[in-house]
Amino acid sequence: MLKIKQFAFGPLGVNTFVVYDSGTLDAIVVDPGMTSQTEYATFDKYISDNGLKVQQIVNTHLHMDHCFGDNYVRDKYGVKVAAHVDDAFLGKTMARQAAQFGLQVTDNRAVSIDVPLSDGDEIPVGQYTFKVIHVPGHSPGGLALYCAEGNIMIAGDTLFRGSIGRADLPGGDMQELLDSVSKKMFTLPDSTDVLPGHGGPTKIGTEKATNPFFN
Ligand SMILES: [Zn+2]
Ligand SMILES: [Zn+2]
C-alpha cells in the first residue's frame, strides 16, 4: 500500500512527507524541513520504527523551509537530492534566506541538487510511481508530484486549501502560478487528494469549485 506520513517541521510549519510502499518499505522524503536535534530525532525514529529504506530526497522547491533538513537526511541516509534546476539559485542562499526571516536553525548550509528533475519525469516509490509536474510561479523550479494509483498529489506551495502560494518571492510570477494551477493541476481528476506544503489536505475538485483565485 502507498503510505504518506506527514510532519510539520520548523518555525514555518512546513509539511515534510515520508512517502513509502508498505510492501517493499522503499521510501522517499519530500521537503525535509527539520531544523533542530529534536526534529531530527522525531524523523529518524519514524524511519527506524517502520523499517523504511530511504531512497531519495525530493524537493517540491528550494525555499529554505522546505529543505532545511536536506543535508541532514542526505548525510545520515546516504541519499541524493532531487529538485528542479531552476531553483538551484535558492539552494545556494539558505543562510541568507534564514537571516532575512530572522530564523535560528541548526543547519543552514547550502543545498545542492544531485538529481535534476524535469516535467514528465517519474519517481519510483516501491511499486508506485510519482509523476513530476513542473509548476512554476511560486518559484521558477516548483514541482508537484502526482501518483495516479494513489490518487494523490503533493502540491508544494503552489496550491493550498482555499488559497495559492505567494508570487512575490525571488523568481515568482503570479500569472505563471495561476496557469500552473489551472492548466496543469486542475486537469487531474476531481477526486485527487492534494497535500499542500503547509496546512491541511484538500481535493482538486474542491479547489476547482471553491478556491477564491479561480471562482
Ligand atoms: Zn515556498
Ligand atoms: Zn513553504
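The values are calculated or read from the model by the stated rules, or taken from the named source; none is laboratory data. Source: prediction; values computed, not measured. We place every Cβ from the backbone using ideal geometry, glycine too, and count neighbours over all the protein chains shown.
Summary of values
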{"read-out": "Which numbered condition Glu207 misses (of (1) farther than 23 Å from Ile113 by Cα; (2) in contact with a strand residue (DSSP E or B) (Cβ under 9 Å, 6 or more places away or on another chain); (3) of a type outside the set (Lys, Arg); (4) surrounded by fewer than 20 Cβ atoms within 10 Å (Cβ to Cβ))", "value": "(4)"}
{"read-out": "Any hit, segment 184-192, residues being in contact with a His (Cβ under 7 Å, 6 or more places away or on another chain) and not hydrophobic (A, V, I, L, M, F, W, C)", "value": "no"}
{"read-out": "Index of the failed condition, Gly156 passing every other in (1) under 13 Å from the mean Cα position of the chain (by Cα); (2) closer than 17 Å to Gly205 by Cβ; (3) within 14 Å of ligand 1 (Cβ to nearest atom)", "value": "(2)"}
{"read-out": "Leu145 buried (at least 21 other Cβ atoms within 10 Å of the Cβ) and within 16 Å of ligand 1 (Cβ to nearest atom)", "value": "yes"}
{"read-out": "So Met64, is it over 14 Å from Gly197 (Cα atoms), within 14 Å of ligand 1 (Cβ to nearest atom) and touching a helix residue (DSSP H, G or I) at 6+ places or on another chain (Cβ under 6 Å)", "value": "no"}
{"read-out": "Leu12 being touching a residue at least 40 places away in the same chain (Cβ under 8 Å) and either surrounded by fewer than 20 Cβ atoms within 10 Å (Cβ to Cβ) or away from ligand 1 (no atom under 16 Å from the Cβ) (or both)", "value": "yes"}
{"read-out": "Only listed residue being surrounded by 19 or more Cβ atoms within 10 Å (Cβ to Cβ), at pLDDT 95 or above, among the acidic types (Asp, Glu) and under 29 Å from Asp21 (Cβ atoms), chosen from Asp114, Asp157", "value": "Asp157"}
{"read-out": "Members of segment 171-187 found to be over 16 Å from Phe214 (Cα atoms) and away from ligand 1 (no atom under 11 Å from the Cβ), listed by number", "value": "Asp173"}
{"read-out": "Test result for Phe186, in contact with a helix residue (DSSP H, G or I) (Cβ under 7 Å, 6 or more places away or on another chain) and either of a type in the set (Phe, Trp, Tyr) or surrounded by fewer than 17 Cβ atoms within 10 Å (Cβ to Cβ) (or both)", "value": "yes"}
{"read-out": "Selection status of Gly102, closer than 16 Å to Thr60 by Cα, more than 16 Å from ligand 1 (Cβ to nearest atom) and exposed (fewer than 14 other Cβ atoms within 10 Å of the Cβ)", "value": "no"}
{"read-out": "From the options Asp86, Asp121, Asp114, residue that is within 14 Å of ligand 1 (Cβ to nearest atom), on the phi < 0 side of the Ramachandran plot and of a type in the set (Asp, Glu)", "value": "Asp86"}
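Let's see how each residue does on (1) more than 30 Å from Met1 (Cα to Cα); (2) touching a Ser or Thr at 6+ places or on another chain (Cβ under 8 Å); (3) without any contact (Cβ under 8 Å) to a residue 40 or more places away in the chain:
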| residue | (1), (2), (3) |
| --- | --- |
| Gln100 | yes, no, yes |
| Gly120 | no, no, yes |
| His138 | yes, yes, no |
| Glu149 | no, yes, no |
| Leu195 | no, no, no |
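Okay, residues lined up against (1) touching a residue at least 12 places away in the same chain (Cβ under 8 Å); (2) small (Gly, Ala, Ser); (3) closer than 13 Å to Val29 by Cα:
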| residue | (1), (2), (3) |
| --- | --- |
| Leu62 | yes, no, no |
| Lys76 | yes, no, yes |
| Val79 | yes, no, yes |
| Ala83 | yes, yes, yes |
| Pro116 | yes, no, no |
